[in-house]
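Below is one structure, written out as C-alpha cells; the observations come after it.
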C-alpha cells in the first residue's frame, strides 16, 4: 500500500480509536490521529508475527487489525501519561 494510503487509513483508524478509548490524549486530536497511523502499522506487524496477513489494504481484516493496534497503543499512551499536576 502506498504511503499516502497508509496515512489516510491511519487517520481514519485514529479517529475511530479516539472514539473508542475515552479521555483526552497528551497530543489532543492530532496526537490521537498520529497514534492511529502508528497503531495501524504496529497492529499489522503484530498480526503478521502470528502468521496472518497484516494490514494489506482497505479491507475489513486490515481495518479491524489496525483498529485493535491503534486502540491498544492509545490506551497504553493514556495510561502511562495520565494527568499530571503542576506543583
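The values are calculated or read from the model by the stated rules, or taken from the named source; none is laboratory data. Keep in mind the model is a prediction, meaning the values are calculated, not measured. Cβ sites come from the backbone with ideal geometry, for glycine too, and all protein chains shown count toward neighbours.
A few notes on this one:
- The requirement of being in a helix (DSSP H, G or I), touching a helix residue (DSSP H, G or I) at 6+ places or on another chain (Cβ under 7 Å) and at pLDDT 75 or above is fulfilled nowhere in the stretch 48-61; no residue meets it.
- Residue match in the stretch 32-41 (condition: in a helix (DSSP H, G or I) and modelled with pLDDT under 75): yes
- Extreme residue, modelled with the highest pLDDT, among residues of the stretch 1-31 that are outside any helix (DSSP H, G or I) and more than 15 Å from residue 77 (Cβ to Cβ): 2
- Check on residue 44, modelled with pLDDT under 80, assigned to a helix (DSSP H, G or I) and in contact with a helix residue (DSSP H, G or I) (Cβ under 8 Å, 6 or more places away or on another chain): yes
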